[in-house]
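Below you'll find the structure, written out as structure tokens, and then a few comments.
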Amino acid sequence: MMTSVSKLLANRANAQKSTGPKSKVGKQASSKNAHKHGLAGSLPGGERVPSNINGELVNDARRLGYSDEDAAALVDALHTNRSVILAKHAAYAEQPIEDKMPNMTMEKIEELLKWWMSPEVKVAPRELRYIVKLLYKEVKKDNDPVLRLRRKIDAHRKLMRYEQRAVNRVRRAVKDRK
Amino acid sequence: MAINKEVAGQGYEQAPEYQRHVQTVLASYEYPKGLLGELVRQLADAFWWIKVYRRDKENLILSQMATTLADRGRYVEVDQHLRLNLFELLSSRLRDSDSDTESRATLDELMTEKGHNLASLRAEATRQALPQIDTLDRLIDRQFKNIRLLMQAHDSAKFAPQLHKKLELEVKQLEIQVKASDDDQRLEVARQ
């Protein structure tokens, strides 16, 4: 318990002090940090779906009277909507316990930080207070049920426009039968 | 955590409660397969979120009510345990389910201390959670629109082949009728 808590604290404390990546590779990697669901970009049809299922759905659409082109467009639209649905579920899923900061007071965080730091490391009291405050914010973010719920609602709010677009696409694709 | 029944990890959509819900909706459509099955599954998902958002709306208000009551001033940390207990108490009180007299008295005492009754506390909590409630209302509205569009899509996809066949037959019948009347006219002309 102690090791994993200190590890979490260390990771988050170091992250707060970071001035960002320096190397090209690091910059490239961090450029993907904000990538949440990939719904804004193009979604090639069948990318997340095995080709046999993809083929089955296209065949089914053909059986319902769609041309090859329209059947592919319809299946693609359904996949896009399915991706939005998966993103919505992922946004509402609870954070895994091991990634969560345990519920702690500011005093406990300070105590753990002092315990974790080696005696040679000299941290100014002001800097220590600053890190404790930042970590406490993280603790609250992970443990406050209302904040967690608000975060989930906000994630769904952000997905709403993709949802609207995806469902409209499905409706249009079903209609566009030549 | 009583406030929100969450499912840990990535597989929220794999949760038994969700799976049961999808199965119920599929059953009401007589378990369609393939493309129609996928459309019904997506429809079921929209129904599911309406349920979740409505529950979250209530939970948000209740937990805001609990926070207001547990609040001990700006510089004192809110007691999470007390807040959770208050949440449960308020929840049972609003559901009119039996709660012991002692709990009722504690709740009443806390509300009086804050200058509230149940209605005014709820109104205050709703006011504080208004941005999130507004978002949830928009999300619910979006799900209703999704349901309407997906139902239309399902019906078009399902009934279009029959409609197509019917139209084809009608066209053929019309063609025969036109051909017959043409033949009649030709015969008429020939006779004259």
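The values are calculated or read from the model by the stated rules, or taken from the named source; none is laboratory data. Remember, it's a predicted structure, so these values are computed and weren't measured experimentally. Counting neighbours? That spans all protein chains shown, and the Cβs are built from the backbone with ideal geometry, glycine included.
Matching residues to (1) at pLDDT 90 or above; (2) over 30 Å from A:Met160 (Cβ atoms); (3) surrounded by fewer than 11 Cβ atoms within 10 Å (Cβ to Cβ):
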{"position": "B:Thr106", "(1), (2), (3)": "no, yes, no"}
{"position": "B:Ile133", "(1), (2), (3)": "yes, no, no"}
{"position": "B:Leu139", "(1), (2), (3)": "yes, no, no"}
{"position": "B:Arg148", "(1), (2), (3)": "yes, no, no"}
{"position": "B:Pro161", "(1), (2), (3)": "no, yes, no"}
{"position": "B:Glu175", "(1), (2), (3)": "no, yes, yes"}
{"position": "B:Gln185", "(1), (2), (3)": "no, yes, yes"}
Selected residue (criterion: farthest from B:Asn59 (Cα to Cα)) from residues of the range B:125-146 that are at the interface with chain A (Cβ under 10 Å from one of its Cβ atoms) and polar (S, T, N, Q)
B:Asn146
Could we say that A:Lys140 is without any contact (Cβ under 8 Å) to a residue 24 or more places away in the chain and within 13 Å of chain B (Cβ to nearest Cβ) here?
yes
Taking the range A:144-178 as the search range and keeping residues that are at the interface with another protein chain (Cβ under 7 Å from one of its Cβ atoms) and aliphatic (A, V, I, L, M), which one is farthest from the chain's Cα centre (by Cα)?
A:Val174
Matching residues in the range A:104-137 - criterion: being free of Cβ contacts under 8 Å to residues at least 24 places away in the same chain and among the hydrophobic types (A, V, I, L, M, F, W, C)
A:Met117, A:Val121, A:Val123, A:Ala124, A:Leu128
Matching option when the condition is modelled with pLDDT of 85 or more and either over 26 Å from the mean Cα position of the chain (by Cα) or not hydrophobic (A, V, I, L, M, F, W, C) (or both), among B:Arg122, B:Arg83:
B:Arg122
Among the candidates B:Ala27, B:Ala105, B:Ala46, B:Ala66, which residue alone is of a type outside the set (Ser, Thr, Tyr), out of contact with any Asp or Glu (no Cβ under 8 Å at 6 or more places or on another chain), over 24 Å from A:Thr105 (Cα atoms) and touching a residue at least 24 places away in the same chain (Cβ under 8 Å)?
B:Ala46
Per the list (1) within 14 Å of another protein chain (Cβ to nearest Cβ); (2) over 30 Å from the mean Cα position of the chain (by Cα), residue check on B:Asp184 breaks on (1)
Could you please give the count of residues in the range A:151-178 that are touching an Asp or Glu at 6+ places or on another chain (Cβ under 9 Å) and free of Cβ contacts under 8 Å to residues at least 60 places away in the same chain?
1
Among the helices (runs of 4 or more DSSP H) lying completely within the range A:71-178, list those that include at least 2 residues that are β-branched (Val, Ile, Thr).
A:125-143, A:145-175
Exactly one of (1) buried (at least 18 other Cβ atoms within 10 Å of the Cβ); (2) at the interface with another protein chain (Cβ under 9 Å from one of its Cβ atoms) is unmet by A:Met101. Its number?
(2)
Would you confirm, using the coordinates I've provided, whether A:Lys114 is modelled with pLDDT of 85 or more and among the charged types (D, E, K, R)?
no
Please indicate, with yes or no, whether at least one residue in the range A:113-136 is under 20 Å from the mean Cα position of the chain (by Cα), over 27 Å from B:Gln14 (Cβ atoms) and among the hydrophobic types (A, V, I, L, M, F, W, C).
no
